[in-house]
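Q: Mind having a look at this structure? Questions to follow.
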Amino acid sequence: MPDYEPITGRYFSMDVAGESLRIYLEEAGSGIPLVCLHTAGSDCRQFRHLLCDPAVTDHFRVIAFDMPWHGKSNPPKGYQDREYQLTTKLYKQTVNAFCQALALERPVIMGCSMGGRVVLHLALEQPDDFRAVIALEGADKLEAYYDTDWLHRPDIHGGEIAAAFVSGQIAPQSPGEYRHQTLWHYMQSGPGIFKGDLYFYWKDGHFDDRSAEIDTNRCPVYLLSGEYDSSCTPERTRATAARIKGSKPTVMPGIGHFPMSENPALFRQHILPVLDEIRNSR
Amino acid sequence: MDAIVIEDIPQQVNANANLVWRGRRIDLDFLVGIGDADFIVTVRHGRIEAILLRRLPTQSGRFSIRAAADVWADFWLPVPPRDRHDLFSMVAAGLAELDGDLLPLMQNLQYFKDVLASPRAAAKD
């Protein structure tokens, strides 16, 4: 028998906004459900190291899934006749549908980048549905620094330009093997998907006018961002934390925008204490 | 100092067979601005044929990438600091400017990023 990793991958279908969607998930471990949301234009493979870490899976049922249109989850029927665009509403509906389909009871929800933004929306609107939220590279206010039209046009390879853009979001200290695995996921993304996700990340998902209303007594909020992140910078992370009273920010030195996939050994030094704190509270 | 560093680019790129191969369809000139000095970088089939100080306005290129001398100096460190570790981190931080026809840059973005960063390898030698 091969030396199998502890990850199990499965498919199921769920309804979101009136459409049936075939979803791919990976999970490992048992205990408190920990739902993981990948970054824009990528997929759940980003969490493979967390899924294989006994220090996490001894206490948490870690579940990562590919968003519709991403990875091995299908786009909806008729996708060929429309442009993909992720809205705040659709993102929240998708995450809620996933948690309900799996009948998860007050999961911890951890997202990175766009995932790190949506968990803040969920903390605001459904504080009693989640044990805690962890925003990796997530902020309530961001600014675009390039025109996303470059990401989807016939005279530019969409996968290669997506990877080339985000390569600058990886810290120079991160191991080359994991840097290039992280980029590979971007190279494999479907046409226009990174661009469609950035609609939420850079435009529709702003809510710095409401983030101060998050009640961290009902739903604790953790913010962890990498020093080398050029979009969710340490400054934007601290500004978000200043607006969300009671939230706990951490700036991770020597890490970029993809902590769990670009430098898993360094990331676990920061995430394990957070997970321990969540596990030991309530 | 920076003018000396940019002159490392041809040797570093042309000795990197994979990088030259990735740029095999690129034939153009582009400008790199280091402070007030513009350099014209000539790319032929992925090789860097020349890097020359621009002396006349009629000497130009398809696009330009400009930053202050201290920004480039940090960019070329073996382990560059945040905001100066990548072309687009510099753009995001307002430390670099792009102009001209960006299409060939975007079509070959990782190639051009790697060309610009190639002096880091020399710094490690």
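The values are calculated or read from the model by the stated rules, or taken from the named source; none is laboratory data. In this text the structure is predicted, and so the values were computed from the model without any measurement. Ideal geometry is used to build each Cβ from the backbone, glycine not excepted, and the neighbour counts take in all protein chains shown. Side chains included, ligands, DNA and RNA excluded: accessible areas come from the protein's heavy atoms. Shrake-Rupley method; radii C 1.70, N 1.55, O 1.52, S 1.80 Å.
For every residue, the table says whether it meets (1) within 14 Å of chain B (Cβ to nearest Cβ); (2) without any contact (Cβ under 8 Å) to a residue 40 or more places away in the chain; (3) among the charged types (D, E, K, R); (4) in contact with a Leu (Cβ under 8 Å, 6 or more places away or on another chain).
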{"position": "A:Val119", "(1), (2), (3), (4)": "no, no, no, yes"}
{"position": "A:Pro127", "(1), (2), (3), (4)": "no, no, no, no"}
{"position": "A:Thr182", "(1), (2), (3), (4)": "yes, no, no, no"}
{"position": "A:Tyr186", "(1), (2), (3), (4)": "yes, no, no, no"}
{"position": "A:Trp202", "(1), (2), (3), (4)": "yes, no, no, yes"}
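Q: Do the conditions hold for B:Asp74, that is, is it buried (at least 17 other Cβ atoms within 10 Å of the Cβ) and at pLDDT below 95? Full working, then the answer.
A: Numbers: buried (at least 17 other Cβ atoms within 10 Å of the Cβ): yes; at pLDDT below 95: no.
Answer is no for this residue.
Q: Only residues that are more than 11 Å from chain B (Cβ to nearest Cβ) and part of a loop (DSSP other than H, G, I, E, B): list them for the stretch A:133-153, please.
A: Keep residues of the stretch A:133-153 that are more than 11 Å from chain B (Cβ to nearest Cβ), which gives A:133-141, A:148, A:152.
If the condition is that a residue be more than 11 Å from chain B (Cβ to nearest Cβ) and part of a loop (DSSP other than H, G, I, E, B), then A:Glu137, A:Gly138, A:Ala139, A:Asp140, A:Lys141, A:His152 are the ones that fit.
Q: Restricting attention to helices (runs of 4 or more DSSP H) lying wholly within the stretch A:14-111, give those where 2 or more residues are on the phi > 0 side of the Ramachandran plot and among the hydroxyl-bearing types (Ser, Thr, Tyr).
A: On the way: elements: A:48-51, A:54-57, A:88-101.
No helices (runs of 4 or more DSSP H) qualify here.
Q: Considering (1) under 12 Å from A:Val221 (Cα atoms); (2) within 8 Å of chain B (Cβ to nearest Cβ); (3) among the small types (Gly, Ala, Ser), say which one A:Ala171 fails and leave the rest.
A: (1)
Q: Continuing with this model, one more query. Which one is least open to solvent (accessible area, probe 1.4 Å) among residues in the stretch A:205-251 that are in a strand (DSSP E or B) and either touching a Leu at 6+ places or on another chain (Cβ under 6 Å) or at positive phi (or both)?
A: Across the stretch A:205-251, the extreme among qualifying residues is A:Leu224.
Q: Here is a list of conditions, (1) over 30 Å from A:Cys232 (Cβ atoms); (2) open to solvent by less than 30 Å² (accessible area, probe 1.4 Å), and B:Ile65 meets all of them except one; can you say which number that is?
A: It fails just one condition, (1).
Q: Right, something else. Among the numbered criteria (1) open to solvent by 10 Å² or more (accessible area, probe 1.4 Å); (2) part of a loop (DSSP other than H, G, I, E, B), which one does B:Gln11 miss?
A: (2)
Q: Residues of the stretch B:91-106 being without any contact (Cβ under 8 Å) to a residue 40 or more places away in the chain and in contact with a helix residue (DSSP H, G or I) (Cβ under 6 Å, 6 or more places away or on another chain), which ones?
A: Across the stretch B:91-106, the qualifying residues are B:Leu95, B:Ala96, B:Met106.
Q: Taking the criterion of being over 19 Å from A:Gly115 (Cα atoms), open to solvent by 10 Å² or more (accessible area, probe 1.4 Å) and among the polar types (S, T, N, Q), would at least one residue in the stretch A:148-159 satisfy it?
A: No: the stretch A:148-159 contains no residue that is over 19 Å from A:Gly115 (Cα atoms), open to solvent by 10 Å² or more (accessible area, probe 1.4 Å) and among the polar types (S, T, N, Q).
Q: Being of a type in the set (Asp, Glu), within 12 Å of chain A (Cβ to nearest Cβ) and part of a helix (DSSP H, G or I) narrows it down to one residue among B:Asp74, B:Asp83; which is it? I'd like the intermediate steps shown before the answer.
A: Numbers: B:Asp83 fails: part of a helix (DSSP H, G or I).
Going through B:Asp74, B:Asp83 in turn, just one is of a type in the set (Asp, Glu), within 12 Å of chain A (Cβ to nearest Cβ) and part of a helix (DSSP H, G or I): B:Asp74.
Q: Here is a follow-up. Quick one: in the stretch A:214-258, which of the residues that are basic (Lys, Arg) and in contact (Cβ under 8 Å) with a residue 60 or more places away in the chain is nearest to the other protein chains (Cβ to nearest Cβ)?
A: Taking the stretch A:214-258 and keeping what is basic (Lys, Arg), we get A:218, A:236, A:238, A:243, A:245, A:248.
With the extra rule that they be in contact (Cβ under 8 Å) with a residue 60 or more places away in the chain, the set shrinks to A:218, A:236, A:243.
On the way: A:Arg218: 34, A:Arg236: 11, A:Arg243: 22 Å.
This residue is A:Arg236.
Q: Here's something else I'd like to know. With (1) under 16 Å from B:Asp29 (Cα atoms); (2) over 14 Å from the mean Cα position of the chain (by Cα); (3) at the interface with another protein chain (Cβ under 7 Å from one of its Cβ atoms) as the list, and B:Gly100 as the residue in question, which single condition is left unmet?
A: Tallying (1) under 16 Å from B:Asp29 (Cα atoms); (2) over 14 Å from the mean Cα position of the chain (by Cα); (3) at the interface with another protein chain (Cβ under 7 Å from one of its Cβ atoms), B:Gly100 fails exactly one: (3).
Q: A further question on this structure: Filter the stretch B:107-125 for residues that are open to solvent by 50 Å² or more (accessible area, probe 1.4 Å) and either free of Cβ contacts under 8 Å to residues at least 24 places away in the same chain or facing chain A (nearest Cβ under 8 Å) (or both) and give the result.
A: B:Gln107, B:Gln110, B:Asp125 - these are the residues of the stretch B:107-125 that are open to solvent by 50 Å² or more (accessible area, probe 1.4 Å) and either free of Cβ contacts under 8 Å to residues at least 24 places away in the same chain or facing chain A (nearest Cβ under 8 Å) (or both).
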